[in-house]
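The structure appears below as structure tokens.
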Amino acid sequence: ALREMRAADGLFYTAVDADSGGGEGAFYGWEKDDLRQTLTAEEYQVFTAHYAVDNTLANGTVHLTRRLSSPAAAADKDTRALLHSALGKLYDRRQQRPAAAIDDKTLTAWNALMCRGLARYARLTGDEKALTAARAAYDALYRTMRLNGRTRTAKRHEQISENGFLDDCAFLLDANLELLRADFSPALLAQATCLGDELHRYFHDENGGFFFTDGGGKTLIRRLKISHDNALPCGNGIAVQALLTLYQLTGETRWRQLADAALHVFYDAMLKNPASC
């Protein structure tokens, strides 16, 4: 992701295609003979101890799968050097293939999740590269995807979408708070308050919880208020989590009250199906 899915501004692209010039998976799959020809005998031995090469796809190619227990991972320096050399050679070899196309739009919610993950990884491991990437992506999101106090959904080149959804604002607030844990900054905390205000002003339901769409603009037949996770985390769940953290950081009771009201309104849904919430 850091090497191949970042734009010049630090934001992450949406996707890399499975298809390329040779068909689906052609950029990613390997033939065993190609592996043997690319690597030395010693590299191949170490590599196959680390990656399974018997997971053959329908077209006869191998889909490399990292083994759950790898002797190479905990081996001596020479063995790790052989693995590193093998990976470098295979990467160079793969770069000679027709490249898979990139969906180069950037989505705020997805980028915010990536920021959160990188910031948490950096906090737990001390990895400065991950922290730098998280900060760059977050700064680009806050700078380019927030206009007139509203968080937008998507950008491609110079085109930016209209006002965003609950997920865009809530996920960006959550990414901000994870960055605060990794590297505290008063400026970040001030931005977190702005994002909290946006959540409250545009998405809050007086009966508790948050609508997926804002209250202005186009008239909708129904404004959804979602309690369960799907492919992405639920915006309400992330909002509650973030607001409770914001309350802990600032001591402002309004954030606690918003979170409590959401938990109250979704209590029955959580009780019936907690694994989905």
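Out of curiosity, is ALA122 over 26 Å from ALA182 (Cβ atoms), touching a helix residue (DSSP H, G or I) at 6+ places or on another chain (Cβ under 9 Å) and either touching a residue at least 60 places away in the same chain (Cβ under 8 Å) or buried (at least 20 other Cβ atoms within 10 Å of the Cβ) (or both)? When the stated conditions are applied, ALA122 does not pass them.
Checking the structure you have, find out if any residue of region 106-117 is over 20 Å from LEU180 (Cα atoms) and open to solvent by less than 70 Å² (accessible area, probe 1.4 Å). Yes: one or more hits. Of THR125, THR153, all but one fail to be within 15 Å of the chain's Cα centre (by Cα) and among the β-branched types (Val, Ile, Thr); the exception is THR153.
When the residues of region 1-25 are filtered to those that are exposed (fewer than 14 other Cβ atoms within 10 Å of the Cβ) and aliphatic (A, V, I, L, M), the one that is farthest from MET114 (Cα to Cα) is ALA18.
Scoring ALA239 on the criteria (1) in a loop (DSSP other than H, G, I, E, B); (2) crowded, with 20+ Cβ neighbours inside 10 Å; (3) among the small types (Gly, Ala, Ser) leaves a single failure, condition (1).
Scanning region 148-165 for residues that are open to solvent by less than 70 Å² (accessible area, probe 1.4 Å), in contact (Cβ under 8 Å) with a residue 24 or more places away in the chain and assigned to a strand (DSSP E or B) yields ARG150, THR151, ARG152, ALA154, LYS155, ASN163.
Table: residues versus (1) assigned to a strand (DSSP E or B); (2) among the charged types (D, E, K, R); (3) open to solvent by less than 60 Å² (accessible area, probe 1.4 Å).
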residue: ASP167; (1), (2), (3): no, yes, yes
residue: ALA170; (1), (2), (3): no, no, yes
residue: LEU173; (1), (2), (3): no, no, yes
residue: LEU180; (1), (2), (3): no, no, yes
residue: PHE184; (1), (2), (3): no, no, no
residue: ALA192; (1), (2), (3): no, no, yes
residue: GLY196; (1), (2), (3): no, no, yes
residue: ASP214; (1), (2), (3): no, yes, yes
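Would you check which residues across region 32-70 are open to solvent by 50 Å² or more (accessible area, probe 1.4 Å) and in contact with a strand residue (DSSP E or B) (Cβ under 7 Å, 6 or more places away or on another chain) and list them? So that I can check it myself, show each step before the final result.
Taking region 32-70 and keeping what is open to solvent by 50 Å² or more (accessible area, probe 1.4 Å), we get 32-33, 36-37, 40-42, 45, 54-59, 63, 65-69.
Result: LYS32, ASN55, THR56, THR65, ARG66, ARG67.
Name the residue, out of THR56, THR48, THR108, THR132, that is β-branched (Val, Ile, Thr) and in contact with a helix residue (DSSP H, G or I) (Cβ under 7 Å, 6 or more places away or on another chain).
Values: THR56 fails: in contact with a helix residue (DSSP H, G or I) (Cβ under 7 Å, 6 or more places away or on another chain); THR48 fails: in contact with a helix residue (DSSP H, G or I) (Cβ under 7 Å, 6 or more places away or on another chain); THR132 fails: in contact with a helix residue (DSSP H, G or I) (Cβ under 7 Å, 6 or more places away or on another chain).
Every option except THR108 fails the conditions.
The values are calculated or read from the model by the stated rules, or taken from the named source; none is laboratory data. Just so we're clear, the structure is a prediction, and the values are computed from it rather than from any experiment. Neighbour counts run over all protein chains shown; Cβ positions are idealised from the backbone, glycine included. For accessibility, only protein heavy atoms count, side chains too; no ligands or nucleic acids. Shrake-Rupley method; radii C 1.70, N 1.55, O 1.52, S 1.80 Å.
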